[in-house]
Amino acid sequence: MDFSEILQSGIGFILTALCWGFTNPFIKRGSVGIERIKKGNWLMQTLAETWFLFTNWRYVVPLAINLSGSAVYYYTLSAADITVAVPITNSLALVFTILGGLLVGEP
């Protein structure tokens, strides 16, 4: 593995962790209010909650960014060793989740 491949993998790990971790507090914040939805049966409840989430840009935008992190991750895995990729990416995602939580004022 030459330097450019290592650099590309490192950037992929960081970008993936940023997409996964930093968006978690915003997804949580975007779903506020879903607990107030009450329907008669599980099917109507599921449909109402799905409608609530996917018509709320505060939920959809962070979710789309989060999911794009998965695309970057799979692309990065094509050149990186999975035994290195998983712990680095997940550890960085935790750090970015904490930073994102602090940014939005979570305790």
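The values are calculated or read from the model by the stated rules, or taken from the named source; none is laboratory data. As the structure is a prediction and not an experimental result, all values here were calculated from the model. Backbone-built Cβ (ideal geometry, glycine too); neighbour counts: all protein chains shown. All accessible areas refer to the heavy atoms of the entire protein, side chains included, with ligands and DNA or RNA removed. Shrake-Rupley method; radii C 1.70, N 1.55, O 1.52, S 1.80 Å.
Descriptive notes on the structure:
- Cα gyration tensor, the stretch 57-97 - rounded (a/c under 1.5), prolate or oblate: oblate
- As a length-normalised measure over Cα pairs under 8 Å and 6 or more apart, the relative contact order of the stretch 1-64 settles at 37 percent.
- Rounded tilt (10° steps) of 82-104 against the dominant C-alpha axis of the chain: 50 degrees
- Assigned charges on the beta-carbon of Lys, Arg, Asp, Glu; the chain dipole about Cα centre (debye): 680 debye
- Per atom type, the chain shows carbon and sulfur on 72% of its accessible surface, probed at 1.4 Å.
- Each of ILE27, ALA71, ASN56 was placed along the dipole of the stretch 1-86 (beta-carbon charges, centred on the mean Cα), and the one lying farthest toward the positive end is ASN56.
- When the chain is treated as a Gaussian network with alpha carbon springs shorter than 10 Å, the biggest mean-square fluctuation among THR76, THR89, THR46 belongs to THR46.
- Relative contact order [Cα under 8 Å, 6+ residues apart], the chain, whole percent: 49 percent
- Tilt relative to the chain, helix 57-77 - C-alpha long axis, 0 to 90 degrees, to 10: 30 degrees
- Anisotropy class of the stretch 35-107 from Cα gyration tensor, a/c 1.5 cut: prolate
- Largest GNM mean-square fluctuation among GLY21, GLY69, GLY33, using the chain with Cα springs under 10 Å: GLY33.
- Using only Cα coordinates, the Kirkwood hydrodynamic radius of the stretch 1-53 works out to 14.1 Å.
- Our summary gives the stretch 30-90 a relative contact order of 27 percent, counting only alpha carbon pairs under 8 angstrom and 6 or more residues apart.
- For the chain, calculated [θ]222 nm from helices alone, where every DSSP H run of n ≥ 4 adds -39500 (n - 2.57): -27500 deg cm²/dmol
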